[in-house]
Amino acid sequence: MTAIDYKCYQFAMTVQTLPETPLLDTANDLPLLKRTEDWATVNSGTTNLDGLKTVAGQLADAFSVLPGDIKLVDPDPVEAVRSDGSVNQVQRGQHLLGTVRPDAGVRILFTGHMDTVFAADHHFQNLEWIEDGVLNGPGVADMKGGISVMLGALQLLEQSEVANHIGYDIMINSDEEVGSASSAALIERCAKGKVAALTYEPALPDGTLAGERGGSGNFSIIFTGKSAHAGRNPDEGRNALVAAADMALQLKALHREGLSVNPAKIEGGGPNNAVPDHAILRVNFRPKSLADQEEAQNTLNNLVGIIARGHDLDVHCHGGFGRPPKPIDQQAQKLFHLVKSCGAELGLDINWRGTGGVCDGNNIAACGVPVVDTMGVRGGAIHSADEFLISDSLAERTQLSALTIMRIAAKGGV
């Protein structure tokens with residue numbers, strides 16, 4: 001394990017006397033940790049369809065304690081460019097969708113993801129207590145602990161006096177870790193008509209939330225040239241590998257503050273005595289604003305034509321900006337301040353800061369719905385074998401979410 005001072009992240013809440021205090025205190029009686037452990041012991045890497053099916057069933061059973069309709073829905077088709085340039089469909093797991101009081105005047109969206117970055121053959125599969133209150137394991141923070149917090153908060157809401165004042169949708173997808181391509185349309189449908197959204201990515205170990213986020217776009221650019229003998233007639237060939245390298249260099253030249261451009265991989269080529277007629281360039285863009293994203297897309301579109309003409313071959317671009325940038329607008333600020341106010345009532349100092357990471361919160365914000373997307377547990381080292389959950393934060397974050405939801409219900413909005 002990486003040397004981390006976990007104790008500096010463990011602290012007790014000083015809960016003020018609130019009307020909701022007796023109800024919020026019952027968070028400690030919920031099986032928040034047990035179900036996190038149960039779910040995390042099942043591998044649900046995005047490509048592990050069997051594991052995802054098992055976890056989806058577990059989640060459907062767990063969320064059935066809520067009123068309303070809980071069901072599993074099929075993923076939308078997803079295309080992927082193979083190394084040979086062919087475009088094939090990729091299978092994803094089912095998504096969980098819940099609907100409670102759909103006719104309520106005030107409605108919220110709750111989202112999470114059941115997939116992890118750890119494939120079925122990854123060495124990181126087991127849970128281990130590093131020390132008291134610190135659990136190491138795949139997905140314990142990102143985000144099976146967060147899903148447990150979400151469910152716990154809704155369980156508390158349903159016992160409150162304001163439950164009937166608010167309705168909500170629950171969306172837990174199976175492909176967030178690879179961009180949510182098979183659930184993007186579902187997220188958009190669920191976001192429609194909502195006054196706010198809460199997503200349960202992990203907060204930082206000290207409780208800090210993610211504020212504004214940049215966007216992300218992934219592209220596979222296919223180059224189709226013409227093969228020729230490297231000695232007899234090389235000039236009759238059209239070198240796809242060179243064209244891909246040229247494109248990579250020109251795209252990298254776009255890199256600047258506000259727009260990260262990362263040409264990540266070139267696939268193709270062949271024997272030394274043949275001009276390569278096929279190559280694929282994989283590239284990722286990270287724009288900080290919608291203007292940066294538009295500039296990147298327009299430049300990429302122009303470069304496709306420039307490279308094709310300059311190298312006299314075919315260039316086809318596949319992909320897009322699946323995660324638009326997420327600025328903090330006025331409505332989002334109001335929601336963040338509401339969460340901060342609720343935290344203060346619970347003795348928590350809630351702050352937020354911008355991050356370069358992306359998540360489903362980007363997609364929700366693009367629908368015009370204010371979202372706080374790190375309402376999950378406190379934890380860290382996610383996407384690595386050092387991932388950890390601070391177990392005390394399960395009840396803490398459940399209370400924070402529950403109080404936030406109750407305040408929205410009581411106010412009739414954010």
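The values are calculated or read from the model by the stated rules, or taken from the named source; none is laboratory data. In this text the structure is predicted, and so the values were computed from the model without any measurement. Cβ sites come from the backbone with ideal geometry, for glycine too, and all protein chains shown count toward neighbours. Heads up: the accessible areas ignore ligands, DNA and RNA and are worked out on the full protein's heavy atoms, side chains in. Shrake-Rupley method; radii C 1.70, N 1.55, O 1.52, S 1.80 Å.
Answer yes or no: is there a residue in segment 115-127 that is closer than 24 Å to Leu186 by Cα and of a type in the set (S, T, N, Q).
yes
Being touching a Ser or Thr at 6+ places or on another chain (Cβ under 9 Å) and either under 19 Å from Ile147 (Cβ atoms) or not small (Gly, Ala, Ser) (or both): is that true of Leu241 here?
It is false that Leu241 is touching a Ser or Thr at 6+ places or on another chain (Cβ under 9 Å) and either under 19 Å from Ile147 (Cβ atoms) or not small (Gly, Ala, Ser) (or both).
Under 7 Å between Cβ atoms, which residue pairs at least 6 apart in sequence (or on different chains) link something in segment 20-43 that is in contact (Cβ under 8 Å) with a residue 24 or more places away in the chain and over 8 Å from Ser148 (Cβ atoms) with a partner that is assigned to a loop (DSSP other than H, G, I, E, B) and open to solvent by 30 Å² or more (accessible area, probe 1.4 Å)?
Leu23/Gln159; Glu37/Leu127; Ala40/Leu127; Thr41/Leu127; Asn43/Ala120; Asn43/Gln125
Does Ile108 count as over 21 Å from the mean Cα position of the chain (by Cα), buried (at least 18 other Cβ atoms within 10 Å of the Cβ) and touching a residue at least 60 places away in the same chain (Cβ under 8 Å)?
No.
Can you tell me which of (1) farther than 26 Å from Gln333 by Cα; (2) over 18 Å from the mean Cα position of the chain (by Cα) is the one His165 doesn't meet?
(1)
Filter segment 393-414 for residues that are β-branched (Val, Ile, Thr) and open to solvent by 20 Å² or more (accessible area, probe 1.4 Å) and give the result.
Once the filter is applied, which keeps residues that are β-branched (Val, Ile, Thr) and open to solvent by 20 Å² or more (accessible area, probe 1.4 Å), segment 393-414 yields only Val414.
Out of curiosity, is Pro77 in contact (Cβ under 8 Å) with a residue 60 or more places away in the chain, exposed (fewer than 15 other Cβ atoms within 10 Å of the Cβ) and under 30 Å from Ala191 (Cα atoms)?
Taking the combined requirement at face value, the residue satisfies it.
If I ask for residues that are farther than 30 Å from Ala243 by Cβ, open to solvent by less than 60 Å² (accessible area, probe 1.4 Å) and of a type in the set (D, E, K, R), which ones from segment 310-339 would you list?
Lys326
Return a yes/no flag: does segment 194-210 have any residue that is assigned to a strand (DSSP E or B), open to solvent by 20 Å² or more (accessible area, probe 1.4 Å) and modelled with pLDDT of 95 or more.
No, segment 194-210 contains no residue that is assigned to a strand (DSSP E or B), open to solvent by 20 Å² or more (accessible area, probe 1.4 Å) and modelled with pLDDT of 95 or more.
Out of all the residues in segment 181-202, which are farther than 25 Å from Gln333 by Cβ and in contact with a Lys or Arg (Cβ under 9 Å, 6 or more places away or on another chain)? Don't jump to the end; show me each part of the working.
Filtering segment 181-202 down to residues farther than 25 Å from Gln333 by Cβ leaves 181-186, 189.
The answer is Ala181, Ser182, Ser183.
Select from segment 340-356 the residues that are in a loop (DSSP other than H, G, I, E, B) and crowded, with 18+ Cβ neighbours inside 10 Å and list them in ascending order.
Passing the criteria: Leu346, Leu348, Ile350.
In segment 53-73, what count of residues is obtained for those that are in contact with a Ser or Thr (Cβ under 9 Å, 6 or more places away or on another chain) and either hydroxyl-bearing (Ser, Thr, Tyr) or without any contact (Cβ under 8 Å) to a residue 24 or more places away in the chain (or both)?
Of the residues in that region, 1 qualify.
Which residues, taken from segment 228-251, are outside any helix (DSSP H, G or I) and in contact with a Leu (Cβ under 6 Å, 6 or more places away or on another chain)? I'd like the intermediate steps shown before the answer.
Going through segment 228-251, the residues outside any helix (DSSP H, G or I) turn out to be 228-233, 237-239.
Hit for segment 228-251 is Arg238, nothing else.
Among Ala185, Ala197, Ala203, which is the only one that is touching a Leu at 6+ places or on another chain (Cβ under 6 Å) and more than 20 Å from Gly68 (Cα to Cα)? Lay out the reasoning, then the answer.
Values: Ala185 fails: touching a Leu at 6+ places or on another chain (Cβ under 6 Å); Ala197 fails: more than 20 Å from Gly68 (Cα to Cα).
After ruling out the rest, the residue left standing is Ala203.
Would you point out which residue out of Ile307, Ile280 is surrounded by 17 or more Cβ atoms within 10 Å (Cβ to Cβ), touching a residue at least 24 places away in the same chain (Cβ under 8 Å), hydrophobic (A, V, I, L, M, F, W, C) and in a strand (DSSP E or B)?
Working: Ile307 fails: in a strand (DSSP E or B).
Exactly one of Ile307, Ile280 is surrounded by 17 or more Cβ atoms within 10 Å (Cβ to Cβ), touching a residue at least 24 places away in the same chain (Cβ under 8 Å), hydrophobic (A, V, I, L, M, F, W, C) and in a strand (DSSP E or B), namely Ile280.
Are any of the residues in segment 150-162 open to solvent by 10 Å² or more (accessible area, probe 1.4 Å) and under 12 Å from Gly45 (Cβ atoms)? Steps first, please.
Of the residues in segment 150-162, the ones open to solvent by 10 Å² or more (accessible area, probe 1.4 Å) are 155, 158-162.
Filter again for under 12 Å from Gly45 (Cβ atoms), leaving none.
Within segment 150-162, none of the residues are open to solvent by 10 Å² or more (accessible area, probe 1.4 Å) and under 12 Å from Gly45 (Cβ atoms).
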